[in-house]
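For reference, the structure discussed in these notes is given below.
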């Protein structure tokens, strides 16, 4: 039987922990209807997890007996950051959910020349990332940064290997051989990158890459790009 997994702020190095998060307690008592003696998996969101046995549980707090913590084995070896142009809110939320499931380590929303929608709800995005990490068995919750302008993002990412996905190139994407090399992948808005943005990326040393001959929606390109570089 698959155990329920939860990401908490609990110190997993202790032998016992007390849970007081009202949302988590509501889920345990009212949704999942857990009871004393049930076993759960708790993760710290930083790559470590532990099995825990419920010793007491009510609406205000729970006491959990913890086993020895260990690294989460499902995390990808490569650290990948997604730089994605801000999209319509529901589309960007979908990108966050699916790219979290694929194993992305960080997501940076960027404001490009052709960005139209900018009304992201950051707390909701972070909640979506945490829930997707729990559901997919991950040990790390991706960092969701505040939106930043294209030029600033370019400056922050220039010291890392980067794949800059662009529809007007025939250069196919190849996954870097060294799995330990951090990687940035870049996806533009629905209207595409401007020529100036592409030139700036080239000048910064980014590899201009293609996801194929078909024109993909931005959210599709983000997910396909993540899968391409994270698949084992």
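What residues from the range 189-226 fall in the zone where the backbone N is under 18 Å from a label point 7 Å along the Cα-to-C-beta line of residue 158? What the label zone holds, given the 18 Å backbone N cut-off, is 196-208. By the helix-only formula, in which each DSSP H run with n ≥ 4 contributes -39500 (n - 2.57) and the sum is divided by residues, the chain has a 222 nm mean residue ellipticity of -8500 deg cm²/dmol. Building the convex hull from the alpha-carbon atoms of the range 5-71 and averaging its projection over directions returns 3.8 nm². Return one number: the angle in degrees, 0 to 90 and rounded to the nearest 10, between the long axis of the Cα atoms of helix 89-102 and the longest principal axis of the Cα atoms of the chain. Result, in degrees: 70.
The angle between the Cα long axis of helix 122-136 and the longest principal axis of the Cα atoms of the chain comes to about 70 degrees, rounded to the nearest 10. When 160, 118 are arranged by Cβ crowding within 10 Å, least crowded first, meaning fewest neighbours, the order is 118, 160. Here the label points at residue 224 and residue 31, each 7 Å from Cα along the C-beta direction, are separated by 3.3 nm in the simple model. Share of antiparallel DSSP beta bridges in the chain, in percent to the nearest 5? Rounded to the nearest five, the antiparallel share is 40 percent. Fewest-first ordering of 72, 116 by other beta carbons within 10 Å of each residue's beta carbon gives 116, 72.
Against the chain, whose longest principal axis is taken from its Cα atoms, helix 218-230 shows a tilt of about 70°. The listed peptides 199-207, 104-112, 8-16, 142-150, ordered by packing as a protection proxy, come out as 104-112, 142-150, 199-207, 8-16 (highest mean of other Cβ atoms within 10 Å first).
Each 5 Å bin from zero holds the following percent of Cα-Cα pairs in the chain: 1, 7, 14, 16, 16, 13, 10, 8, 7, 5, 3, 1, 0.
Every read-out reported here was derived from the displayed coordinates using simple, explicitly stated rules and does not represent laboratory data. For clarity, every value in this text was computed on a predicted model and none was experimentally measured. Note that each Cβ is placed from the backbone with ideal geometry, even for glycine, and that neighbours are counted across all protein chains shown.
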